[in-house]
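Quick notes on the structure that follows.
The values are calculated or read from the model by the stated rules, or taken from the named source; none is laboratory data. Since the structure is predicted, the reported quantities are computational estimates derived from the model, not experimental observations. So basically every Cβ, Gly included, is an ideal-geometry build from the backbone, and we count neighbours across all protein chains shown. Note: accessible area is taken over every heavy atom of the protein model, side chains too, but ligands, DNA and RNA are not part of it. Shrake-Rupley method; radii C 1.70, N 1.55, O 1.52, S 1.80 Å.
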Amino acid sequence: MTKIKAIVFDFDGTLSCRPRCAYDKYKSDVHYVFPDLKENTIEFESVVQNLLTWDQYGTINKDYVYRQLVKTYNLNEELVDVLTKRWLEDFHTFSILREGVKETLIKLRENYKVGCITNGNSQTQHSKLEYCNLKEYFDSVIVSGDLGVHKPDPRIFHESCRQLGVNPSEMVYVGDTFYADVYGAHLAGCIPVWIWNDEERHCDTDVIRIHEFIEILEAIDKIENQ
Ligand SMILES: [Mg+2]
């Protein structure tokens, strides 16, 4: 029997449906950069799909993404700063939560402390949580930009444990990025759960994996009864 006292979540791609948010945001970029390209044509879509490839599931600096854009399409270098600034200002308005997030958080909170640890710029990450009206669902929210320490550094997980009043071994941590979330939680002594619904992504390592957000309830049940 493993006693779990807290469930803590990553934000982008875990609580939010990041592939969808990023897709919509990059579409708006393509409209901005190529106003003559018609949406949903192969030409338009090819630029959006290029941006998504360079974006690397959101794990890379936006400066890199837009540099690739400028280089590939021979655009004005100044666009890199303009688009990066636009990203910081409005990406949060593209936030869409995964199905069942709020209902599941309410259910979890009946029995556990519930928290969030998210990597990124303070302003952007807080704006996303506020835009989704999510803050009230958590006992603790930590943005790496506020702390100056980022996942996978165990110190950010330990700060969450401290705020929630639990030991690392009593915390389940759910995230979509293997390095930052699964490896980070493992380093910190927490129990990692990997949320990843790309069936084609191969992984031979024994890690608790869920595909849909709501499956977390069943996963916790299994952890507690193993
Ligand atoms: Mg994530």
Check: the range 44-88 dipole with +1 on Lys, Arg Cβ and -1 on Asp, Glu Cβ, in debye | 60
Write out the GluC sites (Glu not before Pro) in the range 43-83 meeting two conditions: DSSP loop, and at most 12 other Cβ atoms within 10 Å of their Cβ.
-> Glu77
Quick one: in the range 18-94, what % of C-alpha pairs are over 21 Å apart?
-> 16
Calculate one ³J(HN,Hα) per residue across the range 54-64 by plugging θ = phi - 60° into the Karplus curve 6.51 cos²θ - 1.76 cosθ + 1.60, and present them in order as whole Hz with x for glycine and proline.
-> 5, 5, 6, 6, x, 8, 10, 4, 5, 3, 5
Leu75/Ile214 FRET efficiency (R0 41 Å; Cβ-Cβ; nearest 0.05) | 0.45
Treating the beta-carbon of each Lys and Arg as +1 and of each Asp and Glu as -1, no other charges, what is the dipole magnitude of the chain about its Cα centre, to the nearest 20 debye?
-> 520
What order do Lys3, Lys62 take when sorted by accessible area (1.4 Å probe), most exposed first?
-> Lys3, Lys62
Report relative contact order for the range 18-94 in percent, whole number only (criteria: Cα-Cα under 8 Å, sequence separation at least 6).
-> 29
Which value, in debye to the nearest 20, gives the size of the charge dipole of the range 18-94 about its Cα centre, when Lys and Arg are +1 and Asp and Glu are -1 at the Cβ?
-> 240
Would you tally the net charge around Met1, using a Cβ to Cβ cut-off of less than 14 Å, leaving Met1 out, and scoring K and R as +1, D and E as -1?
-> 0
Exposure of Tyr64 as accessible area (Å², to 10), given a probe of 1.4 Å and all protein chains = 90
By its C-alpha gyration tensor, with a ≥ b ≥ c as the square roots of the eigenvalues, how is the range 146-226 shaped: rounded for a/c under 1.5, else prolate for a/b larger than b/c, else oblate?
-> oblate
Take the solvent-accessible surface of the protein heavy atoms, probe 1.4 Å, and return the percent of it on the chain that carbon and sulfur atoms account for.
-> 49
Using DSSP, restrict attention to beta bridges with both residues in the chain and report what percent are antiparallel, rounded to the nearest 5.
-> 5
Calculate how steeply helix 78-90 sits against the longest principal axis of the alpha-carbon atoms of the chain, using the helix alpha-carbon long axis, and give the answer as 0 to 90 degrees to the nearest 10.
-> 40
R0 of 41 Å, Cβ-Cβ distance Lys222-Lys85: FRET efficiency to nearest 0.05 | 0.35
Which whole-angstrom value gives the distance between the alpha carbon centres of the range 54-127 and the range 26-44?
-> 20
Considering Cα pairs under 8 angstrom that are at least six residues apart, work out the relative contact order of the chain and quote it in whole percent.
-> 25
Based on the mean of other beta carbon atoms within 10 Å per residue, what is the order of 102-109, 18-25, most packed first?
-> 18-25, 102-109
Work from the charge dipole of the chain (Cβ charges, +1 for Lys and Arg, -1 for Asp and Glu, about the Cα centre) and give the residue of His92, Gly184, Tyr23 farthest towards its positive end.
-> Gly184
